[in-house]
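FYI, it's all coordinate maths here, none of it is from the lab. The structure displayed is predicted, hence computed values, not measured ones. Here the Cβ positions follow ideal geometry from the backbone for every residue, glycine too, while neighbour counts run over all protein chains shown.
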Amino acid sequence: MTPPPNPASRPERVGLLRYLRLFRRDILSAQPAKLYRAKMAEFRTPFFRSYLINQPDLVDLVLKERPMDFPKSGRVGEGLRPLLGESVFLTNGADWQRQRRIIDPAFEGGRLRDTFPAMVAAGKAASARLSEGVTEIEAQTSHAAADVIFRTLFSIPIEHEVAAQVFTGFRDYQRSQPVLNLAAFVPLPGWMPRFHRARTKASARAIRALITRLTADRAAAIAAGTAPDDLATKIMTTADPETGRRFGTGEMVDQVAIFFLAGHETSASALAWALYLLALYPDAQERVAAEAAAFGENPAFSDMSKLTFTRDVFREALRLYPPVPMMVRQATRGERFRNRDVAPGSQIVISPWHLHRHALLWDQPDTFDPDRYGTEAGRACLRAAYIPFSTGPRVCPGAGFAMVEGPLLLALLLKDWRLEPVQGRAPVPVAHLTVRAKDGIWLRLHRR
Ligand code: HEM
């Protein structure tokens, strides 16, 4: 059986300059194969020292037990700041806590039920956009995931004029900034000048102007009592239980920008890889198609419980191709990890990519096996070594949302389409802002 594609690892020993060059090109193939067996690895550069922690108890310590001692570094996401401002993705400490107190209630279980019809509509529209023949599927899943976000957040489809402009604006933003990949998440030495290109700044300004229009219109509709009951209304009308403050329009623009970016890039990546895996493994594909057929034309939220295998396929795609492959934190005080002193200021790298394929934790880590989650060993790994949404208080607020969206869209697409890989076009994973394929993911589509 063909294994799912994995990037080649770099040679064991390379000099610093070569490493930095490889790293800048792609953070995944810049790593040595031994990281798939390591519990921790130290990277020394003249500018900073970083530690990749690759064992469950250390990951728990940083993300769950003492997260406030390991904030996001101020330089993390430097390339994103013109677009995201002071959004929840970039803040730390009290500001971040306050923002999460307002955002989290919008994603609670009951709200997911309310957003479900909008997700179904987006999934049906995505299937209707496809046609027979060879297609690049990442572009399709990006379109679909952006549609889900606009419909659930602002009750407008992607065809809406402003929504369509925001979607293409984001694409331009990413193109205008070649370093908008994970290498940009690694802090540069303090003396190195940083600048955002004029084009990047201009496209960030344009996107923010569009989002400002959407939020200002919504604020007016809320005041007039005519606002739809969607995620934007919920977030804009929720007061922080501790201070009584709501998000103002400016602050809401930062949050909408991150919802759009974090919510559509990630889901699009996961969906595209899941579809590729189904094309590669026709037996699994037929099992998903059978669940999708039983799911019916107009599914209700409670029907999601019928998609058990489809959900495990989506889980397995998130294991093999975690959309956020690495996360970086900063140690604020001296630590001792695995008998090594970690100085304050060190970078702590958590790598879902390596943890999810760890040879000492997972059975057959490089094999696609959605049924593993039905076994005791698979469930134990799910608890200990599976963090596609991160974990602890800074866990992705959209995790529950994404675990409905992913299986739902897979089912709605597989109900109508049969997928085949295209000869000679196996995708090579690379880390851009999320894990994408170097030259796209190509599939041949047949109507069922
Ligand atoms: C398959 C889909 C998704 C994956 C794999 C994913 C993964 C992640 C991960 C790993 C983080 C933590 C990043 C870090 O700490 O450095 C994160 C944060 C975040 N995600 Fe998601 N996400 C997904 C979908 C969504 C959706 C649908 C939304 C919103 C609608 C969303 C909104 C956010 C936000 C706002 C944050 C920042 C949270 C904070 O820092 O407190 N994500 N996501």
- [ ] Among Arg336, Arg394, Arg100, determine the one that fluctuates most according to a GNM of the chain built with springs between C-alpha atoms less than 10 Å apart.
- [x] Arg336
Open item on the list: At 0.36 nm per residue, and after removing the present C-alpha to C-alpha distance, how many nm does the segment from Asp416 to Thr45 gain when stretched out fully?
Closed with: 128.4 nm
TODO: Once you have the Cα-Cα distance between Arg245 and Thr168, take 0.36 nm times their residue separation minus that, and quote the gain in nm to one decimal.
DONE: 24.4 nm
TODO: Among the lysines, select those whose C-alpha is under 27 Å from the C-alpha of Lys201, and discard any that sit fewer than 8 residues away in the same chain.
DONE: Lys72, Lys438
TODO: Among Glu108, Glu136, Glu376, determine the one that fluctuates most according to a GNM of the chain built with springs between C-alpha atoms less than 10 Å apart.
DONE: Glu376
Open item on the list: Between Glu161 and Lys438, what is 0.36 nm times their sequence separation minus the Cα-Cα distance? Round to one decimal in nm.
Closed with: 96.7 nm
- [ ] List Lys415, Lys201 from most exposed to least, where exposure is judged by having the fewest other Cβ atoms within 10 Å.
- [x] Lys201, Lys415
Task: Relative contact order for the chain, counting Cα pairs under 8 Å that sit 6 or more residues apart, in percent - done: 27
Task: Gaussian network model of the chain, springs between alpha carbon atoms under 10 Å - residue of Lys34, Lys234, Lys72 with greatest fluctuation - done: Lys34
TODO: Kindly identify segment 292-448 as rounded, prolate or oblate by the Cα gyration tensor criterion: order the square roots of the eigenvalues as a ≥ b ≥ c, call it rounded if a/c is under 1.5, otherwise compare a/b with b/c, prolate if a/b is larger, else oblate.
DONE: prolate
- [ ] Put one equal scatterer on each alpha carbon of segment 81-158, apply the Debye formula with no solvent term, and list log10 I(q)/I(0) at q = 0.11, 0.13, 0.20 1/Å to two decimals.
- [x] -0.43, -0.58, -0.96
Task: Loop-located GluC sites (Glu not before Pro) in segment 258-299 whose Cβ has at most 10 other Cβ within 10 Å (DSSP) - done: Glu297
Open item on the list: Need the C-alpha centroid separation for segment 257-319 versus segment 402-429, integer Å.
Closed with: 7
Task: Residue order, fewest to most beta carbons within 10 Å, for Trp353, Trp442 - done: Trp442, Trp353
Open item on the list: If you take every DSSP beta bridge fully contained in the chain, what fraction is antiparallel? Give it as a percent rounded to 5.
Closed with: 85
Task: Over the chain: helical MRE at 222 nm, DSSP H runs n ≥ 4 each giving -39500 (n - 2.57), nearest 500 - done: -15000 deg cm²/dmol
Open item on the list: Using a Cα-Cα cut-off of under 26 Å, which lysines could be cross-linked to Lys234, ignoring same-chain neighbours fewer than 8 residues away?
Closed with: Lys124
Open item on the list: What does the C-alpha gyration tensor say about the overall shape of segment 248-308? Classify as rounded when a/c is under 1.5, otherwise prolate if a/b is larger than b/c, or oblate.
Closed with: oblate
Task: Sequence of Lys64, Lys306 once ranked by neighbouring C-beta atoms within 10 Å, starting from the fewest - done: Lys64, Lys306
- [ ] Grab the beta carbon distance between His446 and Asn339, set R0 = 51 Å, and tell me the FRET efficiency rounded to 0.05.
- [x] 0.35
Open item on the list: Calculate the FRET efficiency for Ala209 and Gln423 from the Cβ-Cβ distance with a Förster distance of 41 Å, rounded to the nearest 0.05.
Closed with: 0.35
